[in-house]
Amino acid sequence: MTKILLIEDEPGIQETIQITLESEGFIVSLASTGKQGIEKVSQDVSLIILDVGLPDQNGFEVLKEIRKKYLTPVIFLTARNTEIDKVLGLEIGADDYIVKPFSPRELLARIRAILRRSTPTQNFEDHKLRISLDKKLVYFNGYHLNLSPYEYKTMELFFKWPGRIFTREEIMDSVWTEPEDSFDRAVDTVIKNIRARFKEIEPDFDPIETRRGQGYGLKEKI
């Protein structure tokens, strides 16, 4: 199920959004301050609804902190309907901007539109590789790959930045949740296992690029 993090300090708005989203099958995690919201962001969160006017810091500052580690889609909520606020929010990494008061139906429509867009597809000539951030699954030529949590999260990281090479340290910082599991060879093992999953479907297909002494990433083409 899709998990949404709502960072909003007004109890009435918080309750309305929570009831609306849960009635549509979403899992809702709540935070009333920027600090709480930052602490609750994780790889399991598919989308963040972020109020600009929080009691401890403004939403723009919160988003800057979130973007240091996560690329999770964000919708800003604000009572200010000024062009400069909208431009600032989008420039620092927001995906959408909705002004209070708003209808729950409008918010739902925007959430669904963003979640549809956040299912990237990478085409390799006759092969199609796709990731569903909602379902936490990777598909190759119509088959879904049986990936472990670390294998999936590594592919999710690669998909968000195709063509970029990540060092082992960057992969561990973004993917690993248990410090005791974090060591250089663990990354190599995860990459080896991902390649094996693809070879089970197509023996000669390898979408992972390796650069000796640098790291790994998703090829832009094969």
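Filter segment 15-35 down to the residues that are touching an Asp or Glu at 6+ places or on another chain (Cβ under 7 Å), open to solvent by less than 30 Å² (accessible area, probe 1.4 Å) and of a type outside the set (Val, Ile, Thr) and list them by number.
Gly34
What residue, among those in segment 187-222 that are at pLDDT 85 or above, outside any helix (DSSP H, G or I) and of a type in the set (Val, Ile, Thr), is least open to solvent (accessible area, probe 1.4 Å)?
Ile208
Scan segment 124-154 residue by residue and report those that are of a type in the set (Asp, Glu) and modelled with pLDDT under 85.
Glu125, Asp126, Asp134
How about segment 196-215: which of its residues are within 17 Å of Phe166 (Cβ to Cβ) and in contact (Cβ under 8 Å) with a residue 60 or more places away in the chain?
Selection gives Pro207 alone.
Taking interchain pairs and intrachain pairs at least six residues apart, which have beta carbon atoms under 6 angstrom, with the first residue in segment 160-186 and farther than 24 Å from Gly93 by Cα and assigned to a loop (DSSP other than H, G, I, E, B) and the second among the acidic types (Asp, Glu) and modelled with pLDDT of 85 or more?
none
Could we say that Thr154 is in a helix (DSSP H, G or I) and polar (S, T, N, Q) here?
yes
Just the residues that are buried (at least 16 other Cβ atoms within 10 Å of the Cβ), without any contact (Cβ under 8 Å) to a residue 60 or more places away in the chain and not hydroxyl-bearing (Ser, Thr, Tyr), please, taken from segment 138-154.
Within segment 138-154, Val138, Leu145, Leu147, Glu151 qualify.
Is segment 169-176 home to any residue that is at pLDDT below 90 and over 30 Å from Val28 (Cα atoms)?
Scanning segment 169-176 turns up at least one residue that is at pLDDT below 90 and over 30 Å from Val28 (Cα atoms).
The values are calculated or read from the model by the stated rules, or taken from the named source; none is laboratory data. All values derive from a computational prediction rather than experimental measurement. Note: ideal-geometry Cβ built from the backbone for every residue, glycine included; neighbour counts use all protein chains shown. The area values use the complete protein model at the heavy-atom level, side chains included, leaving out ligands, DNA and RNA. Shrake-Rupley method; radii C 1.70, N 1.55, O 1.52, S 1.80 Å.
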